[in-house]
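**Student:** Following this message is one structure expressed as structure tokens.
The values are calculated or read from the model by the stated rules, or taken from the named source; none is laboratory data. Because the structure is a prediction, the values reported are computed rather than measured. Please note: Cβ atoms are built from the backbone with ideal geometry, for glycine as well, and neighbour counts cover all protein chains shown.
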Amino acid sequence: MPYPYVSGSPHIGHGRTFTIGDIIARYKRARGFNVLFPIAWHITGTPIQSVADRIMKGDPDDIKLYSWYISLYVDDPGKVKEILSTFTNPWNIARFFASVYIRDFMSMGYSMDFRRQFTTGDPDYNAFIIWQYYKLREAGYITQGSHVVLFSPDENQAVGEHDIKGGDEITVDILEFNLVKFRLEGSDEYLVAATLRPETIYGITNVWVHPNVEYVIANVNGEKWIVSKPAAWKLSYQGYDVKVVGSIRGEELIGKYVIAPLINRGVPVLPANFIDENTGTGIVYSVPAHAPYDYVALVDLKKDEKTLERYGIKEIVESIEPISIIKLPNYGKYPAKDVVEKLGVKDQGDREKLDEATRIVYREEFYNGVMKENTLFPGLSVNEARERTIKALSEQGAWGRMYELEPRKVFTRSGNPVIAAVIKDQWFLNYGNPEWKSKAFKCLNSMRIIPVKYRKNFEDVFNWLSMRPCARKRGLGTRLPWDPGWIIESLSDSTIYMAYYTIAHKIRLSGLDKKLGEFARRVIDSKGTDKEALDAIMAFFNYVFLGEGDLNRVSEIYGVNKEFIKDLRNEFDYWYPVDERHSGPDLISSHLSFFIFHHAAIFPEKYWPRSITLNEYVIREGMKMSRSLGNVLPLPYVPRKYSTDLARLYLASATDLDTTLDWREDDVASVASRLVRFWNLANDIIRRVNHRLALMLGMPH
């Protein structure tokens, strides 16, 4: 099972997953199998470091939260405060929660082999990761280059799922916007609009700005652009040379004209309150026939006598009519108008309905729309026209690219904003490598996925997986050995660690962990140039995990007898491959897919994993568990409040694997009464059998 991230106390969600794992382990033992059910502790990355940083700064929310966590295990308030004071060191956080996880897991009756535990920050584990990453590099699966990634400017590093606040609950997508440049009449300045639909440029009627937004004038790659202040900041991280030289309020632009590219005609700049300066460039070009927001904004503006009079634009606005450019079956001339009226949208403030209207129109036009004669590409589908339009805009020097996140507001666990950025010299795992992807699919196709419905999820993830940043600039973990300014990130060092379980206990008992740790330190300190240390690491793991190399040489390097090294090899060979990996479906898009990819990359087929089983989440009394709602059920409460047997029985029997478990007190009580009835029945049977035996044998009873 995936080792837990020890940045806080476990809860009943952990309890469900680990209880199912324990049931599988116990069932297999009862069937006569030898079962390895190990555990270790994940500490890599920024989450624990971020907690330490926030506590050091005196963050009241984190101090309150972690005081509560500690109080789950420590009754003395003075002791709680004392332990909390040590949490400015991230290692103390990791050690404390690793120790209480052990206590909680034992209290839940989990039949784990605690001898094999380790943390992902241990020096000998660093050596194991160094071996893994050199194997991936040798195979050509690691690359360095410039790619768009999630990035924290304040922390100056790319971020992954584990680095994001709520990253285990939300999916963050990177959207690619098209930038279209509109030259301001009589000026060398450009209003730069962001759009997801450049093919609609032919239906433009005007450009929208927010009258109350302070836009910036910036030199961008040698041109003067007018964009929102947040947009200029984001673009500076996306490969553009940006220097802000001035500012202008949106209301100062209203009534002016800009030249629309491709169609080469002037269109007015008009006010709209739906514009968000934090989305795109804070400037939008208007296509009211095919964009619900634009249609409603135009209708609202035509009714707004006060605004029309204020900016002297009454005559301009009254003359504007939507321009239809896309033919769509089952819709009228203006699809945006049709859908807005059908959904009963009131005005620009009716954002929920407008978002739904936008989704409907964009989806219908993308799949079924055909460009009309008043466009450059009549008769083409919307999808084809989009690519042709981008090319035409580029040839005119009127196009660019910008990246945004969905959802728009994303923060690191330290509370710093996350944006999309194009990073140079970032290290990536190239999951898009055709050879690697083919091996991964071969592995997946040889495996059982239970419940079977999740197989499609894996296939979808495999198809879109491509470049994934594998290293960060801060946090805990193993430094990239040949470029130690980078630290291998938390989901990239947690892919084949199951192999390490097979030998971890013997490495510790023999003292070999110290030698491996020393070799790891030497490799990192030398940036991979200490060939003796690197060869020692590679020789050891190549022999133990792959059966490759010279046993005598490995024995000589580490100063241990050949039988011990051979025993490590036999231990691994006996237990591998992983017969069963049990987790939650939220990890399909990351850890579980990486688990398959990395095994396929490094190990021969006989060691590829054989099965993945998954269970859904736990909610409580019909609501998602959340600290803000006060309905989180910490795992240490469970044995005390319900008893271990009752909790395990309820977790196992309340629902199927692929169904969310709703922890309800009434249902728990019902299961408890059934358990008591079973207990009484069993004991009654035992008494009756004993009584009959006694009669048969003539014994007193």
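**Student:** Need a quick list: strands (runs of 3 or more DSSP E) entirely within the stretch 203-258 having at least 1 residues that are modelled with pLDDT of 95 or more, in contact with a Gly (Cβ under 8 Å, 6 or more places away or on another chain) and buried (at least 17 other Cβ atoms within 10 Å of the Cβ).
**Tutor:** The qualifying strands (runs of 3 or more DSSP E) are 206-209, 214-220, 223-228.
**Student:** In a loop (DSSP other than H, G, I, E, B), surrounded by fewer than 23 Cβ atoms within 10 Å (Cβ to Cβ) and outside the structural domain of residue 45 (by TED's automatic domain parsing): which single residue out of 493, 460, 483 fits that description?
**Tutor:** Numbers: 493 fails: surrounded by fewer than 23 Cβ atoms within 10 Å (Cβ to Cβ); 460 fails: in a loop (DSSP other than H, G, I, E, B).
When all the criteria are applied, what remains is 483.
**Student:** Given the criteria surrounded by fewer than 18 Cβ atoms within 10 Å (Cβ to Cβ) and part of a helix (DSSP H, G or I), does residue 532 qualify?
**Tutor:** Yes; evaluated as a whole, the condition is true for this residue.
**Student:** Suppose the filter is on the phi > 0 side of the Ramachandran plot, in a loop (DSSP other than H, G, I, E, B) and under 32 Å from the mean Cα position of the chain (by Cα); does residue 549 pass it?
**Tutor:** So residue 549 does not fit the description; no.
**Student:** Still on this model: So the check is Cβ under 9 Å with 6+ separation or different chains; which pairs have a first residue in the stretch 113-133 that's over 29 Å from residue 26 (Cβ atoms) and at pLDDT below 95 and a second one that's among the β-branched types (Val, Ile, Thr) and not in a helix (DSSP H, G or I)?
**Tutor:** Every condition considered, the pairs that remain are 121/43; 121/44; 121/478.
**Student:** Go through (1) under 24 Å from residue 450 (Cβ atoms); (2) assigned to a helix (DSSP H, G or I); (3) not hydroxyl-bearing (Ser, Thr, Tyr) one by one and return the number of the condition residue 658 breaks.
**Tutor:** The one condition residue 658 does not meet is (2).
**Student:** Whether any residue in the stretch 394-404 is of a type outside the set (Phe, Trp, Tyr), touching a Leu at 6+ places or on another chain (Cβ under 9 Å) and without any contact (Cβ under 8 Å) to a residue 40 or more places away in the chain is what I want to check.
**Tutor:** No, every residue in the stretch 394-404 fails to be of a type outside the set (Phe, Trp, Tyr), touching a Leu at 6+ places or on another chain (Cβ under 9 Å) and without any contact (Cβ under 8 Å) to a residue 40 or more places away in the chain.
**Student:** Do we have any residue at all in the stretch 423-431 that's buried (at least 17 other Cβ atoms within 10 Å of the Cβ), in contact with a helix residue (DSSP H, G or I) (Cβ under 9 Å, 6 or more places away or on another chain) and not in a strand (DSSP E or B)?
**Tutor:** yes
**Student:** Report the residue count in the stretch 549-599 for those that are under 18 Å from residue 127 (Cα atoms) and of a type in the set (Phe, Trp, Tyr).
**Tutor:** 2
**Student:** Please state which one of 596, 619, 612 is of a type in the set (A, V, I, L, M), surrounded by fewer than 20 Cβ atoms within 10 Å (Cβ to Cβ), not assigned by TED's automatic domain parsing to the domain that holds residue 17 and not in a loop (DSSP other than H, G, I, E, B).
**Tutor:** When all the criteria are applied, what remains is 619.
**Student:** Exactly one condition in (1) in contact with a strand residue (DSSP E or B) (Cβ under 6 Å, 6 or more places away or on another chain); (2) modelled with pLDDT of 95 or more; (3) not aliphatic (A, V, I, L, M) is false for residue 634; which is it?
**Tutor:** The one condition residue 634 does not meet is (2).
**Student:** Give the residue, chosen from 341, 365, 352, that is modelled with pLDDT of 95 or more, surrounded by fewer than 20 Cβ atoms within 10 Å (Cβ to Cβ), outside any strand (DSSP E or B) and in the same structural domain as residue 181 (by TED's automatic domain parsing). Talk me through it step by step, then tell me what you get.
**Tutor:** Working: 365 fails: surrounded by fewer than 20 Cβ atoms within 10 Å (Cβ to Cβ); 352 fails: modelled with pLDDT of 95 or more.
From the options 341, 365, 352, the qualifying one is 341.
**Student:** Could you list all residues from the stretch 656-669 that are of a type outside the set (D, E, K, R) and surrounded by fewer than 16 Cβ atoms within 10 Å (Cβ to Cβ)?
**Tutor:** Here is the first cut: in the stretch 656-669, the ones of a type outside the set (D, E, K, R) are 657, 659-661, 663, 668-669.
Scanning the stretch 656-669 gives 659, 660, 669.
**Student:** Taking the stretch 103-112 as the region of interest, how many residues are in contact with a Phe, Trp or Tyr (Cβ under 8 Å, 6 or more places away or on another chain) and either charged (D, E, K, R) or at pLDDT below 95 (or both)?
**Tutor:** Number satisfying all stated conditions: 1.
**Student:** With the structure loaded, tell me whether residue 613 is of a type outside the set (D, E, K, R) and touching a helix residue (DSSP H, G or I) at 6+ places or on another chain (Cβ under 7 Å) or whether it fails that test.
**Tutor:** No: the conditions fail for residue 613.
**Student:** Is at least one residue of the stretch 71-92 in a helix (DSSP H, G or I) and within 21 Å of residue 113 (Cα to Cα)?
**Tutor:** Restricting attention to the stretch 71-92, the residues satisfying the condition of being in a helix (DSSP H, G or I) are 71, 77-88, 90-92.
This time we only want the ones that are within 21 Å of residue 113 (Cα to Cα), so: none.
No, the stretch 71-92 has no match at all.
**Student:** Would you confirm whether or not the stretch 146-155 contains a residue that is touching a Ser or Thr at 6+ places or on another chain (Cβ under 8 Å), buried (at least 24 other Cβ atoms within 10 Å of the Cβ) and not in a strand (DSSP E or B)?
**Tutor:** no
**Student:** Looking at 415, 379, 397, 349, can you tell me which residue is under 30 Å from residue 157 (Cβ atoms) and among the small types (Gly, Ala, Ser)?
**Tutor:** Just one listed residue meets the conditions, 415.
**Student:** Just for the stretch 1-38: of the residues that are buried (at least 20 other Cβ atoms within 10 Å of the Cβ) and charged (D, E, K, R), which one is nearest to the chain's Cα centre (by Cα)?
**Tutor:** 16
**Student:** Next question. Within the stretch 373-393, track down each residue that is part of a helix (DSSP H, G or I) and without any contact (Cβ under 8 Å) to a residue 12 or more places away in the chain.
**Tutor:** Scanning the stretch 373-393 gives 384, 387, 391.
**Student:** Quick test of your reading of the structure: residue 629 fulfils all but one of (1) closer than 30 Å to residue 459 by Cα; (2) of a type outside the set (Val, Ile, Thr); (3) in a loop (DSSP other than H, G, I, E, B). Name the failing condition by number.
**Tutor:** Evaluating residue 629 over (1) closer than 30 Å to residue 459 by Cα; (2) of a type outside the set (Val, Ile, Thr); (3) in a loop (DSSP other than H, G, I, E, B) leaves (1) as the failure.
**Student:** Looking at 401, 468, which is the one that is part of a strand (DSSP E or B) and more than 21 Å from the chain's Cα centre (by Cα)? Full working, then the answer.
**Tutor:** Values: 468 fails: more than 21 Å from the chain's Cα centre (by Cα).
Only one candidate qualifies: 401.
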